[in-house]
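Participant: Sharing a structure here in structure tokens format.
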Amino acid sequence: MPHTPKACITTLAIPTSLTDFEGMLEKNTNAQGQSWTDLETVLDRATGIPLMWSGLSQMHARDFLFFYHGVSSVTRLRALLRTAQRQRADQSVIAVLERSLTLAQRYGGTIFGCGLVGGTTEFHAQPPQGEYHFYNRRFAPIERVDLFDHPLPYDQFKQTVPVSRFRAVTPLTTERLAALKAAFHASNQALPVYIRETTILG
């Protein structure tokens, strides 16, 4: 039976509390004891942290998703940085917040990359508090990440492909995927072949 791909946009959000931000860093600590934000684990595969990312139910190998960094990321990071400085938080946390703010100023409110799913979605019945994106319970293993030279701003596709503000995952229908492809084409951004030559059904 031919494979019918599934596709979605998955949102990387910045936590609203300093405690949850520190929990994200703890979750993303590699074997060398280095801590990273969710965004950094996608941007830099040299972190060595395996990617299991918020996805749709029953995703399989050769499905794909787009990575979107939340439009409120800059505002939230500025607030967290002020809180950390006021509370005299650990200097290492302040340093991560500062570099995260720099990254958010480039990637916030954009689709900045995409990922090829390498296996079947896993379901986590009771994820630990603060451990997962939006407390989503369905996670797809990402086999490959492709970053865009020119991240696509939300303003260029929000009328045809609105991103959910309250869920980690925005499913893409046939029409919405076509609209998103058109937006990338209009911005002169090439998509990887596994997206460019794929049409989903539904």
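Participant: Can you work out which of the residues in the stretch 35-59 that are under 13 Å from the mean Cα position of the chain (by Cα) and over 20 Å from S100 (Cα atoms) is surrounded by the most Cβ atoms within 10 Å (Cβ to Cβ)?
Facilitator: This residue is G55.
Participant: Still on this structure: V71 is checked against (1) open to solvent by 70 Å² or more (accessible area, probe 1.4 Å); (2) farther than 25 Å from P171 by Cα; (3) of a type in the set (A, V, I, L, M, F, W, C) and fails just one. What number does that condition carry?
Facilitator: (2)
Participant: Separate question: Kindly list, by first and then second residue, each pair from a residue in the stretch 105-122 that is in contact (Cβ under 8 Å) with a residue 12 or more places away in the chain and of a type in the set (S, T, N, Q) to a residue that is surrounded by fewer than 23 Cβ atoms within 10 Å (Cβ to Cβ) and assigned to a strand (DSSP E or B), limited to pairs with Cβ atoms under 6 Å and residues at least 6 apart or on different chains.
Facilitator: T110/P151; T110/L152; T110/P153; T121/R138
Participant: Which one is farthest from G115 (Cα to Cα), of the residues in the stretch 1-31 that are open to solvent by 30 Å² or more (accessible area, probe 1.4 Å) and touching a helix residue (DSSP H, G or I) at 6+ places or on another chain (Cβ under 9 Å)? Working first, answer last.
Facilitator: Residues of the stretch 1-31 open to solvent by 30 Å² or more (accessible area, probe 1.4 Å): 1-4, 6, 13, 16-17, 19-20, 22, 26-27, 29, 31.
When the remaining residues are screened for being touching a helix residue (DSSP H, G or I) at 6+ places or on another chain (Cβ under 9 Å), the result is 13, 16-17, 22, 27.
Working: A13: 17, T16: 26, S17: 28, E22: 25, K27: 20 Å.
Filtering the stretch 1-31 for residues that are open to solvent by 30 Å² or more (accessible area, probe 1.4 Å) and touching a helix residue (DSSP H, G or I) at 6+ places or on another chain (Cβ under 9 Å), the one farthest from G115 (Cα to Cα) comes out as S17.
Participant: Let me ask something else. Here are some residues: L97, L77, L101. Which one is within 19 Å of G23 (Cα to Cα), part of a helix (DSSP H, G or I) and open to solvent by 20 Å² or more (accessible area, probe 1.4 Å)? Break it down into steps so the answer makes sense when it comes.
Facilitator: Numbers: L97 fails: open to solvent by 20 Å² or more (accessible area, probe 1.4 Å); L77 fails: open to solvent by 20 Å² or more (accessible area, probe 1.4 Å).
That would be L101, the only listed residue that is within 19 Å of G23 (Cα to Cα), part of a helix (DSSP H, G or I) and open to solvent by 20 Å² or more (accessible area, probe 1.4 Å).
Participant: Would you point out which residue out of A84, A61, A31 is in contact (Cβ under 8 Å) with a residue 12 or more places away in the chain, over 17 Å from E143 (Cα atoms) and assigned to a loop (DSSP other than H, G, I, E, B)?
Facilitator: On the way: A84 fails: assigned to a loop (DSSP other than H, G, I, E, B); A61 fails: over 17 Å from E143 (Cα atoms).
Checking each option against the conditions leaves just A31.
Participant: Out of the stretch 162-199, which residues are within 13 Å of I9 (Cβ to Cβ), among the aliphatic types (A, V, I, L, M) and not in a strand (DSSP E or B)?
Facilitator: V163, A168, L172, L177, A179, L180, A183, I195
Okay, residues lined up against (1) open to solvent by 50 Å² or more (accessible area, probe 1.4 Å); (2) at pLDDT 90 or above; (3) of a type in the set (F, W, Y); (4) outside any strand (DSSP E or B):
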position: A125; (1), (2), (3), (4): yes, no, no, yes
position: P141; (1), (2), (3), (4): no, yes, no, no
position: F148; (1), (2), (3), (4): no, yes, yes, no
position: L201; (1), (2), (3), (4): yes, no, no, yes
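Participant: Tell me, which residue of the stretch 2-22 that is modelled with pLDDT under 90 and of a type outside the set (S, T, N, Q) is nearest to T110 (Cα to Cα)?
Facilitator: Restricting attention to the stretch 2-22, the residues satisfying the condition of being modelled with pLDDT under 90 are 2-5.
Narrowing further to those that are of a type outside the set (S, T, N, Q): 2-3, 5.
Numbers: P2: 32, H3: 29, P5: 23 Å.
Among residues in the stretch 2-22 that are modelled with pLDDT under 90 and of a type outside the set (S, T, N, Q), the one nearest to T110 (Cα to Cα) is P5.
The values are calculated or read from the model by the stated rules, or taken from the named source; none is laboratory data. Just so we're clear, the structure is a prediction, and the values are computed from it rather than from any experiment. Heads up, the Cβs are rebuilt from the backbone with ideal geometry, glycines too, and the neighbour counts pull from every protein chain shown. Only protein heavy atoms, including side chains, enter the accessible area calculation; ligands, DNA and RNA are left aside. Shrake-Rupley method; radii C 1.70, N 1.55, O 1.52, S 1.80 Å.
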